[in-house]
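Take this structure, written in structure tokens, and hold onto it; I'll ask about it next.
The values are calculated or read from the model by the stated rules, or taken from the named source; none is laboratory data. Note that the structure is predicted; figures quoted are calculated from it, not measured. Glycine gets a Cβ as well: all are built from the backbone with ideal geometry, and neighbour counts include every protein chain shown.
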Amino acid sequence: MKRKGLRGAVEFAAFSLVVIAACAALGLFVYGEVENARRHDADNVLASFQQTITLKLRGDLSQTSDFVAALKVDPDDESWLAASAAELLERDEAIYMGYVVDETMRYAFPEDRFADLVGRDLTQFTYVYTLAKWIDGFVVEGPVELSNGMQAFLFIEPVDVDGAYYGEIAVGLKAEYVIDQLDLSMLEDEGYLYELWAVSPQDGRKDIIAVSNGGHDFSHGAKTSFDMPTQWTLSIMPADGWVPQSWMFCIAACSVGFALLVVAAAFMALRIRRMRQRIEREKRIDQETGMFTYDGFVETFDKAAGGSGEPLTLICLMVDDFEKTAFAISWEARRCYLGKAREEIDAVVHSSHVEARIGSGAFVVAVRERIETHALADLMRALELALMWKVRIDGKKTFCRVRSAAVYYPEDGADLTALVERTISLLERDKPESCAPARKRQG
């Protein structure tokens, strides 16, 4: 029993570990799904902002298109250029405008600040001037420091005449103005930290364009890249993390709680099962004698052994005046008699057998063989003597004699239960008024 109990404890411990592992895996799965959902939302936000930033840089913020369009029509007419540049520079955000012809800076406005740039070769400027020529396309770079020390974004667009590079227009807007126009603060309003950076066309380093306050690691952030034509990258991540700490606690608590609930439910189910098994065992075992009850005898013997057709000898025994005597004496004397009944039967019957208490003073012994008539009579007499109850009532010695009857299975009937019930009924019917011993052979 100890080994069986230890095995059950080990199996329950293993089951508990499996449940805990499964709940932990479930918690990790939920954690991953929450992160994936938040990353999906972030990707949607990134796609929207990428499109917005690209449109603003190439459209709303760029002031080069009107100049380029006019120069394409008549590149030799530059008389209007100074006036148009002055009009542009009247805007607070516009701080620089330059016109390059071939590879030489021809005009730089305002002249009082950038006159020293006129006549310089492209190689003396930031690489984006050369990049715009080589790709023959629109280029944005910033923030860069102009020669007057101001931070600006440069918008450069080539001027093509008859399908060939002629020159380029460069417009500088204040860096803080451009960054403000990109509406990156909306990301913070939506609960995201952000970092916008570009790869330097000069040396390939990472140039930070704009970033949320405080130092943050965006290595695990969601990212999107686009070309201006240098590669710009916008990285974002939720300010409270991909899985907020409160959510993590909730997921962990739910996982632990669910695991405990399952383990507790399994423990209670096991307890209930064992309790039912114990109750069933108690129903099958008579508590006073340790023998089978009638139900236990029917279940374990009739179904298991009787169904096989094995020859049996059934000996039914009845103690006369058992209830009357038990009522007249002490409970301890009754308990002592019943407690020894099984030992007395085992001491007499040496063959393989099963005994059961089928009434308050009635017993049945099923011997797993056919006992011949003479031997059976001796065995029945021995059992009657062994179970005879010797008591003292009011100082007088009294004997409760035992009567017995025997039948053969399946010779006397194919239904073992019916055989026992019929034999006990005959013993009850033929009960003598005196306590003289009697034996009956039921055929």
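List the helices (runs of 4 or more DSSP H) inside segment 316-428, counting only whole elements, that have at least 1 residues being farther than 24 Å from LYS283 by Cβ and at pLDDT below 90.
On the way: elements: 322-328, 331-348, 373-387.
Once the helices (runs of 4 or more DSSP H) in segment 316-428 are filtered for at least 1 residues that are farther than 24 Å from LYS283 by Cβ and at pLDDT below 90, what remains is 322-328, 331-348.
Next up: Any residue at all in segment 131-142 that is surrounded by fewer than 19 Cβ atoms within 10 Å (Cβ to Cβ), part of a helix (DSSP H, G or I) and in contact with a Lys or Arg (Cβ under 9 Å, 6 or more places away or on another chain)?
No, every residue in segment 131-142 fails to be surrounded by fewer than 19 Cβ atoms within 10 Å (Cβ to Cβ), part of a helix (DSSP H, G or I) and in contact with a Lys or Arg (Cβ under 9 Å, 6 or more places away or on another chain).
Hey, any hits in segment 91-106 for a residue that's more than 60 Å from the chain's Cα centre (by Cα), under 14 Å from MET150 (Cβ atoms) and in a helix (DSSP H, G or I)?
No, segment 91-106 has no match at all.
Picking from VAL34, VAL18, which residue would you name as being within 30 Å of MET248 (Cα to Cα), crowded, with 16+ Cβ neighbours inside 10 Å, out of contact with any Gly (no Cβ under 8 Å at 6 or more places or on another chain) and of a type in the set (A, V, I, L, M)?
Working: VAL18 fails: crowded, with 16+ Cβ neighbours inside 10 Å.
Only one candidate qualifies: VAL34.
Next up: Please enumerate the residues belonging to segment 239-266 that are within 30 Å of ILE209 (Cβ to Cβ) and in contact with a helix residue (DSSP H, G or I) (Cβ under 6 Å, 6 or more places away or on another chain).
TRP242, VAL243
While we're here: I'd like to know if segment 67-74 contains one or more residues that are closer than 15 Å to VAL139 by Cα and either surrounded by 15 or more Cβ atoms within 10 Å (Cβ to Cβ) or charged (D, E, K, R) (or both). If you could, list the steps in order and put the result at the bottom.
Our first condition is that a residue be closer than 15 Å to VAL139 by Cα; within segment 67-74, this holds for 68.
Remaining after also requiring either surrounded by 15 or more Cβ atoms within 10 Å (Cβ to Cβ) or charged (D, E, K, R) (or both): 68.
Yes, segment 67-74 contains at least one residue that is closer than 15 Å to VAL139 by Cα and either surrounded by 15 or more Cβ atoms within 10 Å (Cβ to Cβ) or charged (D, E, K, R) (or both).
Between a first residue in segment 363-388 that is closer than 16 Å to VAL420 by Cα and a second residue that is assigned to a loop (DSSP other than H, G, I, E, B) and among the β-branched types (Val, Ile, Thr), which pairs have beta carbons less than 8 Å apart while being 6 or more apart in sequence or on different chains?
Partner pairs satisfying both residue conditions: VAL365/VAL349; VAL367/VAL349.
Restricting attention to segment 147-165, which residues are surrounded by 17 or more Cβ atoms within 10 Å (Cβ to Cβ) and either over 17 Å from PHE109 (Cβ atoms) or over 58 Å from the mean Cα position of the chain (by Cα) (or both)?
Taking segment 147-165 as the starting set, the residues that turn out to be surrounded by 17 or more Cβ atoms within 10 Å (Cβ to Cβ) are 152-159.
Passing the criteria: PRO158, VAL159.
Also: I'd like to know if segment 196-217 contains one or more residues that are within 49 Å of the chain's Cα centre (by Cα), assigned to a helix (DSSP H, G or I) and free of Cβ contacts under 8 Å to residues at least 12 places away in the same chain.
There is no residue in segment 196-217 that is within 49 Å of the chain's Cα centre (by Cα), assigned to a helix (DSSP H, G or I) and free of Cβ contacts under 8 Å to residues at least 12 places away in the same chain.
Then there is this: What is the number of the single condition among (1) part of a helix (DSSP H, G or I); (2) surrounded by fewer than 16 Cβ atoms within 10 Å (Cβ to Cβ); (3) out of contact with any helix residue (DSSP H, G or I) (no Cβ under 7 Å at 6 or more places or on another chain); (4) charged (D, E, K, R) that LYS56 does not meet?
LYS56 satisfies every listed condition except (3).
Being among the hydrophobic types (A, V, I, L, M, F, W, C), surrounded by fewer than 15 Cβ atoms within 10 Å (Cβ to Cβ) and out of contact with any Ser or Thr (no Cβ under 9 Å at 6 or more places or on another chain), is that true of even one residue in segment 89-112? Explain how you work it out, then say what you get.
Here is the first cut: in segment 89-112, the ones among the hydrophobic types (A, V, I, L, M, F, W, C) are 89, 94-95, 97, 100-101, 105, 108-109.
If we keep only those that are surrounded by fewer than 15 Cβ atoms within 10 Å (Cβ to Cβ) too, we end up with none.
So far as segment 89-112 goes, no, none of its residues is among the hydrophobic types (A, V, I, L, M, F, W, C), surrounded by fewer than 15 Cβ atoms within 10 Å (Cβ to Cβ) and out of contact with any Ser or Thr (no Cβ under 9 Å at 6 or more places or on another chain).
Among the residues of segment 237-257, are any at negative phi, in a strand (DSSP E or B) and either of a type in the set (Val, Ile, Thr) or in contact (Cβ under 8 Å) with a residue 12 or more places away in the chain (or both)? Spell out the reasoning first.
Residues of segment 237-257 that are at negative phi, as a first pass: 237-240, 242-257.
Then keep just the ones that are in a strand (DSSP E or B); that gives 237-238.
Among the residues that remain, those that are also either of a type in the set (Val, Ile, Thr) or in contact (Cβ under 8 Å) with a residue 12 or more places away in the chain (or both) are: 237-238.
Scanning segment 237-257 turns up at least one residue that is at negative phi, in a strand (DSSP E or B) and either of a type in the set (Val, Ile, Thr) or in contact (Cβ under 8 Å) with a residue 12 or more places away in the chain (or both).
Within segment 381-411, work out how many residues are farther than 19 Å from THR325 by Cβ and either surrounded by fewer than 17 Cβ atoms within 10 Å (Cβ to Cβ) or within 60 Å of the chain's Cα centre (by Cα) (or both).
So the count comes out to 5.
Continuing with this model, one more query. Which residue out of ILE358, ILE371 is surrounded by 15 or more Cβ atoms within 10 Å (Cβ to Cβ), farther than 17 Å from GLU288 by Cα and in contact with a helix residue (DSSP H, G or I) (Cβ under 8 Å, 6 or more places away or on another chain)? Lay out the reasoning, then the answer.
On the way: ILE358 fails: farther than 17 Å from GLU288 by Cα.
Unique residue meeting the criteria: ILE371.
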